[in-house]
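Below is one structure, written out as structure tokens, with a few remarks after it.
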Amino acid sequence: MQTHPAADMFPMLSEDELHDLAESIKAQGQHKDIVLDANGVLRDGRNRLAACKLAGIEPRFTTYTGNDPKGVIFSYNLCRRNLSKGQQAMIIAMARSFSEHSLRHHAKLHSISLTRISNAATVLKHSPHLAEQVRIGAVRLDAAYATVREYKARSAALRAQHDRLREHAPDLAEQVTEELITLDDATAALDQRQHEQQLRQSVQDSDAVRLADGDPTPPLAQLAEQGDITWDQAHQRAEQFLAQRQDAIRQAQDELQTLTNTWAVIQDLAARPNTPYTRDILDGLTPEARSLIKNLTTLV
């Protein structure tokens, strides 16, 4: 007997459960008719049909005459107590091609969380095999959804790696495509390239500052290009130069600030040249200091 595809989505009872149903039918009779449509296609009652065969009893049928032959399958089967909410959600997600109703409609109609149905649809989209395991009750929907989320995250990370290679190192991306190197090895090679590029730029910037300051020593980038030192060593020396330069700038600023603070004394001495007061001050200084003060007073 032909069964409607939507009805086939609902898992059959286990062998033991079918035998129990067969014994019940044999002892008490078939309580509920097996539902066929006008074309004789089975809409509901696959387990009852199988149990009747086991019991050796002629099954009893009825023909559905309503206007929602697909909806009747869900209304009869989704309420089965042996189906978990996760299985129900997955069956609804799988039945989208058979049902004219939206997932939101099914969620409201069958009192199933729309989020749960959406999770089931996500599992179905990304892992049909895992979705089938949920449908038959072998895997919980929550566990399947978590697995799919991890898979999506890994896939997104892999796509990001490939995109980065195609943008910054097409040659490495091509080698990955041709399976000459692994994606991880290509990514590591790109990281090394970019690291060296950063070192080169940093060293060249330092050399430009050194040259502008009038430093006559050979550029560090030149030494690295010649192989006299590595780029890591050149970068280390460049960092040391910049640090020492900054220290020298701060020291000069401090000393100039001190000079600024004492400029008032220089101005006072310049205003009273050749006075006993000025001579007494200068006499207490070293010859070098006296000479400097005299030169400064002439500038005031």
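Limiting things to C-alpha atoms, what are the Rg and the maximum Cα-Cα separation (Dmax) for the chain, in angstroms?
Values for the chain (Cα only, Rg and Dmax): 43.6, 139 Å.
What residues from the stretch 151-167 fall in the zone where the backbone N is under 20 Å from a label point 7 Å along the Cα-to-C-beta line of Gln198?
Counting only backbone N, you get 160-167.
Once a ≥ b ≥ c are taken as the square roots of the eigenvalues of the Cα gyration tensor of the stretch 163-210, is the result rounded (a/c under 1.5), prolate (a/b larger than b/c) or oblate (a/b not larger than b/c)?
prolate
Mind grabbing the accessible area of Tyr151 for me, 1.4 Å probe, Å², rounded to tens?
110 Å²
Modelled label-to-label distance, Arg237 and Ser84, 7 Å Cα→beta-carbon offset: nm?
It works out to 6.7 nm between the two label points.
Enter the angle in degrees (range 0 to 90, nearest 10) between the Cα long axis of helix 15-28 and the first principal axis of the Cα atoms of the chain, meaning the one along which they spread out most.
With rounding to tens, the tilt is 30 degrees.
In a GNM of the chain with a 10 Å cut-off on Cα contacts, which of Asp20, Asp283, Asp247 has the highest mean-square fluctuation?
Most flexible of the set in this elastic network: Asp283.
Modelling each spin label as a point 7 Å along the Cα-to-Cβ direction, I'd like the Asp215/Met12 distance in nm, to one decimal.
It is 8.4 nm.
What is the count of Lys pairs in the chain whose alpha carbons sit under 18 Å apart, if the two are 8 or more places apart or on different chains?
Working: Lys26/Lys53; Lys32/Lys53; Lys70/Lys108; Lys85/Lys108; Lys125/Lys152.
The number of close lysine pairs in the chain is 5.
What ranking, highest mean first, results for peptides 134-140, 249-255, 266-272 when packing means the other Cβ atoms within 10 Å averaged over each residue?
Highest to lowest by the protection proxy: 134-140, 266-272, 249-255.
Length gain on complete extension for the stretch Lys108 to Glu255, per 0.36 nm per residue less the alpha carbon to alpha carbon distance?
Gain on stretching Lys108 to Glu255: 44.9 nm.
About its Cα centre, what dipole magnitude does the chain give when the only charges are +1 on Lys and Arg Cβ and -1 on Asp and Glu Cβ, stated in debye to the nearest 20?
Charge dipole, the chain, about its Cα centre: 2120 debye, nearest 20.
Classify the stretch 115-268 as rounded, prolate or oblate from the Cα gyration tensor: take a ≥ b ≥ c as the square roots of its eigenvalues, call it rounded if a/c is under 1.5, otherwise prolate when a/b beats b/c and oblate if not.
In terms of gyration-tensor shape, oblate.
Could you check which residue among Asp163, Asp228, Asp185 shows the biggest mean-square fluctuation in a GNM of the chain with a 10 Å Cα cutoff?
Among Asp163, Asp228, Asp185, the largest GNM mean-square fluctuation belongs to Asp228.
Would you calculate the convex hull of the Cα atoms in the stretch 33-158 and tell me its volume per residue in Å³?
123 Å³
Return the equivalent ellipsoid semi-axes of the stretch 102-159 as a descending list in whole Å, where each equals the square root of 5 times an eigenvalue of the C-alpha gyration tensor.
23, 14, 9
Any chance you could get the radius of gyration and Dmax over the Cα atoms of the stretch 1-103, in Å?
In order Rg, Dmax, the Cα atoms of the stretch 1-103 give 13.9, 42 Å.
Just check the stretch 37-89 against the gyration tensor rule for me: Cα atoms, a ≥ b ≥ c as the square roots of the eigenvalues, rounded for a/c under 1.5, and otherwise prolate or oblate depending on whether a/b exceeds b/c.
The shape class here is oblate.
Modelling each spin label as a point 7 Å along the Cα-to-Cβ direction, I'd like the Thr3/Glu150 distance in nm, to one decimal.
Computed distance between label sites Thr3 and Glu150 equals 3.3 nm.
On C-alpha positions alone, give me the angle between the axis of helix 46-55 and the longest principal axis of the chain, in degrees, nearest 10.
That helix lies at roughly 40 degrees to the long axis.
The values are calculated or read from the model by the stated rules, or taken from the named source; none is laboratory data. Here the structure is a predicted model, which is why all the values come from computation and not from measurement. Here the Cβ is made from the backbone with ideal geometry for all residues, glycine too, and neighbour counts use every protein chain on show. Surface areas here come from the heavy atoms of the whole protein model, side chains and all, with no ligands, DNA or RNA. Shrake-Rupley method; radii C 1.70, N 1.55, O 1.52, S 1.80 Å.
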